[in-house]
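Chemist: Here's a structure for you.
The values are calculated or read from the model by the stated rules, or taken from the named source; none is laboratory data. All of these numbers come straight from a predicted model, not from anything done at the bench. Glycine also receives a Cβ, built like all others from the backbone with ideal geometry; neighbour counts cover every protein chain displayed.
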Amino acid sequence: MMNIFIYIVIISISGVFSVLLGILAFLKRSRVKGSSTFILINITSCFYVFGHAFELTGTSLSEIEWMVKIEYLGLPFISPLNVLLALQFIGLDKYITRKNMILLFSVPVITVIMIYTNSIHHLFYKSIILHKEDSYLLADYKIGIFYIIHGSFTFGCLFAAFCILIWHARSVKSSYRFQLAAMMSALLLPMTASFLYLVGKAPYNMDPVPAIMCVTSALYLTAILSSNMLVVAPIARDRIIENMRDAVLVMDRSNLIADFNGAAIKMFPDLNNSIIGKEFYGVWKNLLPNSVLPELLSGDSASFEQEIEWNRNGELSYGLLHSFPVYKNANQLAGRAVIISDMTKEKIMRNTLQQMAYRDSLTNIFNRGYFTDKTAEMIEKCKINNSPLSLILFDIDHFKQINDTYGHAIGDEALKHVINISKKLIKPEYILARYGGEEFVISLSGVSIEEAGELAEETRKSIAECPLITGGEIIHITASFGAAEMNNHKNLNSLFHDADLALYESKKRGRNTVSIRSAAL
C-alpha cells in the first residue's frame, strides 16, 4: 500500500500545479474570456488540495475539522465551475445567464454553510471517528443526508460537463483535440477516483481525488504550453451561424426544415418555430410567393445561386440565394442548406448608379449612351423578325434665343417642359432620350414610318399648343421633327443620318414641322 507521506507529497504537488495553472491563466486573462473561470477553478482547487494535505497531518479532531472546513471553501465550487468552463470553451455562452448561475452555485454555497454549522445539525457528517495509520491520525466520516445531496450534485455537474465536451468532440478539429482530451480527462479521472472512494476501494479509505488532480493538472499544464490552450479556443459552429448576418435555413433529406437562424427571422418576420418539420416548398411559397426555385432541392445537385426579391413591410427587398448540399461522413447526403444574403442596399445602390449612368440628370429621361446601346439591339432584333423600326429626331426651335432672353434656368425649364409633354404621348416600350443640348430622339420598335410620322405630328402640335408659363412669363415653344425608317441594309448610324436629314429638311421649311425619309439612301 502507498505510504501516507508519499500520498501527502503527491497531493502537495497537485496544489503547486494548481498555483502554476492559476498564474498562467492570470497572465493570459485579457486574451480569453474563459481564463477567469479557469483561474477560479485553480483557486478553489488549492483550497481543496492543500486543505486535504493539512487534514492528513492533523494531530487532533478539532484541527482536522478545521482543515475540512478549509477544503470545503473550494471543493463544492470546482464541479460547477467546470460546467461553466465547458460551456465557454465550446462557445455556448448563451446559457451562462444570471438565473442559471444562481441555480448552479446555490448548492455549493449551501454546502459551505452546512459544513461550518455541522456541529449544530450533523446533516453533513453524522460523526467523525479517528484512527491511527502509522504515525498519522486519519478520520472516518459517517455521512449525513446533505452529504448525499452534495455528492450527487458534484457528480452530476462533472458528468454534465463531460457530456457537453463529448457532444462537442463530434465536430471538433484535430488542432483542438488535445485541449479537449485534457479537459475530458480532468473530469473523467476525478469521477472515477471518487467512485472508488465511495465503494471503499481507496487506500486507507482516503479521498484519492486530490492525488488524481496531480495528473489532471499536469495535462492542463501541457495543453497550455504545447497547444496554446486558453489563448486559442474553438468557437461553436452554431454560434457562428446564429451570429451571421445572412439568413440560414437547413433542410433534411426529405426537404423538411430542420433549423434556421436569427437572421432568417429578421429577414422574414413570419418565420417561427412552428415551421420546423414542415416541407420547405410550402414554407417558401408563403415567404416568397412571387419567387421561383428551379429544382432547388433536387437531392445532391450542385450548388447554385439566384437573385430573389420579396415584399418586406410594404417595401421591395432583394437578396442573393445560395443553395448547396450538406454531407455527413463518407459523403453521405444529410440534407441541404440555403443561405440568403440581403442585397437590398446593394441593389438600390446599383440601380441608382445605373440610373446615373443611363439617365439624363436634367430631364430624367435616357441619355445618348443608353439610346445608342438599346437601339442597336432593337435594330438587330427587327432585322431577324423582319419587323419595322422607326426613329424620330427633334429639337427645340430657337432654343439659344430662349436662353439669351430668359436665362439658362428658364432654358432648363423649357427642356423639361417639352419632355413632360412628349412623355404623355410616347408609350413606355419606346425609348425617349436626350441626344445632346436641345436635341432629343425616339426609338420606335415595331412602328412603321407612317405611324412614326403621326406620333411626331401629334407631339409637335402638343408642344406648340402648350406654352411654358413660369415667373409670370408665357413662353411659346415649338420644335422641328425628322423621322426615318429602318431598311434591311441600314445600321444605327445610317438610320440616324436619315432622321437627321429629315430634321434638317424641317428646319429648311421654316421649322415647327415634321419631315419624313423612308427610302433607302
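Chemist: Looking only at residues that are free of Cβ contacts under 8 Å to residues at least 60 places away in the same chain and either β-branched (Val, Ile, Thr) or outside any helix (DSSP H, G or I) (or both) in region 441-470, which one is surrounded by the fewest Cβ atoms within 10 Å (Cβ to Cβ)?
Modeler: Quick first cut of region 441-470, residues free of Cβ contacts under 8 Å to residues at least 60 places away in the same chain only: 442, 444, 447, 450, 454, 457-458, 461-469.
So of that shortlist, the ones also either β-branched (Val, Ile, Thr) or outside any helix (DSSP H, G or I) (or both) come out as 442, 444, 447, 463, 466-469.
Numbers: Ile442: 26, Leu444: 26, Val447: 22, Ile463: 24, Cys466: 14, Pro467: 13, Leu468: 19, Ile469: 10.
Here the residue is Ile469.
Chemist: What do you reckon, is Thr478 over 23 Å from Asn385 (Cβ atoms), crowded, with 20+ Cβ neighbours inside 10 Å and touching a strand residue (DSSP E or B) at 6+ places or on another chain (Cβ under 9 Å)?
Modeler: no
Chemist: Further question: Out of region 366-396, which residues are part of a helix (DSSP H, G or I), under 22 Å from Lys416 (Cβ atoms) and in contact (Cβ under 8 Å) with a residue 24 or more places away in the chain? Step through it out loud before you land on a result.
Modeler: Residues of region 366-396 that are part of a helix (DSSP H, G or I), as a first pass: 368-385.
Remaining after also requiring under 22 Å from Lys416 (Cβ atoms): 368-371.
Once the filter is applied, which keeps residues that are part of a helix (DSSP H, G or I), under 22 Å from Lys416 (Cβ atoms) and in contact (Cβ under 8 Å) with a residue 24 or more places away in the chain, region 366-396 yields Arg368, Tyr370, Phe371.
Chemist: Next question. Can you tell me which condition Asn118 does not meet? The list is (1) more than 56 Å from the chain's Cα centre (by Cα); (2) surrounded by 15 or more Cβ atoms within 10 Å (Cβ to Cβ); (3) not small (Gly, Ala, Ser), and all the others hold.
Modeler: So the condition that Asn118 fails would be (1).
Chemist: While we're on this one: Restricting region 249-308 to residues that are of a type in the set (Ser, Thr, Tyr) and part of a loop (DSSP other than H, G, I, E, B), which is modelled with the lowest pLDDT?
Modeler: Going through the qualifying residues, I end up with Ser298.
Chemist: Additional query: Quick check, is Ile148 within 31 Å of the chain's Cα centre (by Cα), assigned to a helix (DSSP H, G or I), over 24 Å from Leu24 (Cα atoms) and modelled with pLDDT of 80 or more?
Modeler: no
Chemist: Output the residues belonging to region 323-359 that are over 30 Å from Tyr370 (Cβ atoms), of a type in the set (Gly, Ala, Ser) and assigned to a strand (DSSP E or B).
Modeler: Of everything in region 323-359, those that are over 30 Å from Tyr370 (Cβ atoms), of a type in the set (Gly, Ala, Ser) and assigned to a strand (DSSP E or B) turn out to be Ser323, Ala334, Gly335, Ala337.
Chemist: Let me ask you something else. So the check is Cβ under 8 Å with 6+ separation or different chains; which pairs have a first residue in region 101-129 that's of a type in the set (Val, Ile, Thr) and a second one that's assigned to a strand (DSSP E or B) and crowded, with 17+ Cβ neighbours inside 10 Å?
Modeler: Ile128/Ala139; Ile129/Ala139
Chemist: Still on this structure: Does region 417-429 hold any residues that are in contact with a strand residue (DSSP E or B) (Cβ under 9 Å, 6 or more places away or on another chain) and assigned to a helix (DSSP H, G or I), and which are they? Before you say what the answer is, go through the steps one by one.
Modeler: Start the filter on region 417-429 by keeping residues that are in contact with a strand residue (DSSP E or B) (Cβ under 9 Å, 6 or more places away or on another chain), which leaves 417-419, 422-423, 426-427, 429.
Residues satisfying the conditions are His417, Val418, Ile419, Ser422, Lys423.
Chemist: Something else now. Which residue out of Ala161, Ala169 is closer than 21 Å to Ser194 by Cβ and small (Gly, Ala, Ser)? Even if it seems obvious, please write down each step before you answer.
Modeler: Values: Ala169 fails: closer than 21 Å to Ser194 by Cβ.
Going through Ala161, Ala169 in turn, the sole match is Ala161.
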